[in-house]
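Novice: So that we are looking at the same thing, I have put the structure below in C-alpha cells.
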Amino acid sequence: MIKLNLYNTLQRRLSIFQPIDKKNVKIYACGPTVYDFIHIGNARPLVVFDVLVRLLRIIYPKVTYVRNITDIDDKINKRAIEKNINILELTNETIKIFHKDAHALGNLKPDFEPKATDHIPEMIEMIETLISNGFAYVSSGNVLFAVEKYESYGALSGRSLDDMISGSRVEVAEYKKNPGDFILWKPSSDQLPGWDSPWGRGRPGWHIECSAMSKKYLGSQFDIHAGGLDLIFPHHENEIAQSCCANESDIMANYWLHNGYVTSDGEKMSKSLGNFATINNLLLNFRGEAIRYALIQAHYRAPLSFKQKSLDKATKSLSRLYRAIEGFEVNDGQDTQIIDYLCDDLNSPKALARLHYLADEANKGSKECAQRLKNSSKILGILCNSTEEWFKFRESSSNKSFDNSTITEKEIDELIIKRKVAKENKEYEKADQIREQLLEKNIQLEDKPDRTVWRRH
Ligand SMILES: [Zn+2]
C-alpha cells in the first residue's frame, strides 16, 4: 500500500494518512463566496486540492469530494445593492463564471457542490441542537455560539480566547456574553434575504453552512478538511466547535490541510489590496493549463509569489513537455517516482522536476519515458490536451513577438484548404506562397500523410 504523508494543521506535523474507511475517502474543501470573479489567490486551493483528490483516487478505490458554494453572505448583499441587481442574478452569474474558470484551470468537478441557500433547514436543525445542548444562546434576535462552553476551542489555530480578543480578531458586541462568541443566525430586514426560523425571519452566519453541509454529504466525521490558510481562524475553528458540539463528537475531520497565500510583490493577494489578477482576465492571454502549472510550481504550503512573468515561464515549460511526447503513441505506464513525490505532502515542485527529467529521456528517444510523462502528468492535471491543440493557442499577448500573428483559426484552415487545392492543381508556387504567408504570421505547417497540421511558434 502506498503511504501518503500529509501535514495536519491540527497536529502541526506530518503524519501518515489513514482513512476512516479505505473504501471511501471523504474530503471537504471550502469553496468560493460568489460575489465576484475568483482571483489567482482563490484559484490556488482549487488547484492544489484537486491534485490531492487525483492522487487519492490513484491510491484508493473511491474518493468523495465535496466543495461548497457560499451564496448567502453580507458581501453578496452589499455587491448586489452596489450593482443594483437582484441577489440571485448576481450569485447565478458569478457561479457560472466560477465554473468556467475552475474548468479552464483543469479541475475535476467535485462529487457534490452544495449551495448554502439549499441547506437552510439543515442549518436550522443544527442550531436548534446546539441551543438544546447548551452550546448556543439567543440574544437580541441573534443566535450565538458560546465559545467558553467548548473546551477545545482554539485547538486548530493555537489561539487562546484572550489572544483573539486582544488581537481584535473577534467583534465585541453588547449582545454577546463573551466577545469570542460567534453568530449562528442573525435577523434579516425585509430588504435582505431571510428565512423563517424559530428565532424569527433571518439568515445564517458564515460558518454554520460548512458544518451542516459536510455532515449531510460526508457524515459527522470524515477524513480531510481543506482550505486556504486564512480560513484557519475563525472559519475552521468555528466549524469544528459547531460540528463537534452538535454531533457530540471529538473530531470533525481527522486531517486539516491549508494552502499558503499567493503574494504579489510580497503582499498577500486579496481583493481589498486591489492587486489581484482575476482568472477570468488572465484567461484572455494565457491558457488555464499554464495558470495551473504556475500554481503548482511552489509547494502548496509555501507562499507563492505571483507575477505575470510566471505565466510566460509556465507556458514555455509546458510547451517543452508537450514537444517531448509528440509523436509517441501513449499507452499505459505510470511513473512511481512522481507518485512518491506527491505522497510526500504533495511535493509538486519535485514532481514537475521529474516530468522534465522524463522529457529529457523522451527527447533522447525513450518511448517508455514519454509514456510515463504523459500518463503521470494527469495526476497533476496537466498535459491533458493533445500536442496539436496545445500549440494552436496564441500565447501571451504580452509577448510582442506574437503581436503580428492576428490570424484566426478559421482563416488558417481556409488557407490550408487553398494550399491543398493549389497542390492538387500542381500550382506549387502558389502553395509555397501560402506557406510563406502563414509563416509570417508565426504559423508553421506540417504535412502529415493524411492532412496538414499547424502550430503557432
Ligand atoms: Zn467552510
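The values are calculated or read from the model by the stated rules, or taken from the named source; none is laboratory data. Everything quoted here is computed from the prediction, not taken from an experiment. All Cβ positions, even for glycine, are placed from backbone atoms using ideal geometry, and neighbour counts span all protein chains on display.
Novice: Out of K83, K115, which single residue is at pLDDT below 95, assigned by TED's automatic domain parsing to the domain that holds V47 and within 27 Å of L283 (Cα to Cα)?
Specialist: Exactly one residue qualifies, and that residue is K83.
Novice: Is it true that V47 is touching an Asp or Glu at 6+ places or on another chain (Cβ under 8 Å), buried (at least 22 other Cβ atoms within 10 Å of the Cβ) and modelled with pLDDT of 95 or more?
Specialist: Numbers: touching an Asp or Glu at 6+ places or on another chain (Cβ under 8 Å): no; buried (at least 22 other Cβ atoms within 10 Å of the Cβ): yes; modelled with pLDDT of 95 or more: yes.
For V47, the condition - touching an Asp or Glu at 6+ places or on another chain (Cβ under 8 Å), buried (at least 22 other Cβ atoms within 10 Å of the Cβ) and modelled with pLDDT of 95 or more - is not met.
Novice: Here is a follow-up. If K78 satisfies every condition in (1) touching a Lys or Arg at 6+ places or on another chain (Cβ under 6 Å); (2) more than 16 Å from the ligand (Cβ to nearest atom) but one, which is the exception?
Specialist: Answer for K78: the failing condition is (1).
Novice: Which ranges mark the strands (runs of 3 or more DSSP E) fully within segment 197-269 that have 1 or more residues being within 13 Å of the ligand (Cβ to nearest atom) and buried (at least 21 other Cβ atoms within 10 Å of the Cβ)? Break it down into steps so the answer makes sense when it comes.
Specialist: On the way: elements: 202-204, 222-228, 253-259, 262-264.
By residue number, 202-204, 222-228, 253-259.
Novice: Restricting to segment 168-188, give me the number of residues that are of a type in the set (V, I, T), within 15 Å of A241 (Cβ to Cβ) and part of a loop (DSSP other than H, G, I, E, B).
Specialist: Adding up the residues that qualify gives 1.
Novice: Kindly establish whether D163 is within 30 Å of Y293 (Cβ to Cβ) and part of a helix (DSSP H, G or I).
Specialist: Criteria not met by D163.
Novice: Next question, about the same structure. Out of I97, I87, I2, which single residue is under 30 Å from K309 (Cα atoms), touching a residue at least 40 places away in the same chain (Cβ under 8 Å) and surrounded by fewer than 21 Cβ atoms within 10 Å (Cβ to Cβ)? Even if it seems obvious, please write down each step before you answer.
Specialist: Numbers: I87 fails: under 30 Å from K309 (Cα atoms); I2 fails: under 30 Å from K309 (Cα atoms).
After applying the criteria, what remains is I97.
Novice: Just need a number here: residues in segment 43-73 that are within 16 Å of the ligand (Cβ to nearest atom), outside any loop (DSSP other than H, G, I, E, B) and free of Cβ contacts under 8 Å to residues at least 60 places away in the same chain.
Specialist: The number of residues fulfilling the criteria is 3.
Novice: Does segment 124-145 include one or more residues that are in contact with a Pro (Cβ under 6 Å, 6 or more places away or on another chain) and either assigned to a helix (DSSP H, G or I) or without any contact (Cβ under 8 Å) to a residue 40 or more places away in the chain (or both)?
Specialist: From segment 124-145, those in contact with a Pro (Cβ under 6 Å, 6 or more places away or on another chain) are 141; that's our starting set.
Now restrict to residues that are either assigned to a helix (DSSP H, G or I) or without any contact (Cβ under 8 Å) to a residue 40 or more places away in the chain (or both): none.
For segment 124-145, residues in contact with a Pro (Cβ under 6 Å, 6 or more places away or on another chain) and either assigned to a helix (DSSP H, G or I) or without any contact (Cβ under 8 Å) to a residue 40 or more places away in the chain (or both): absent.
Novice: Here is a further query. Consider segment 9-30. How many of its residues are crowded, with 20+ Cβ neighbours inside 10 Å and assigned to a strand (DSSP E or B)?
Specialist: Matching residues across segment 9-30 total 5.
Novice: Same structure again: All but one of (1) more than 16 Å from the ligand (Cβ to nearest atom); (2) more than 18 Å from N142 (Cα to Cα); (3) charged (D, E, K, R) hold for D190, so report the exception by its number.
Specialist: (2)
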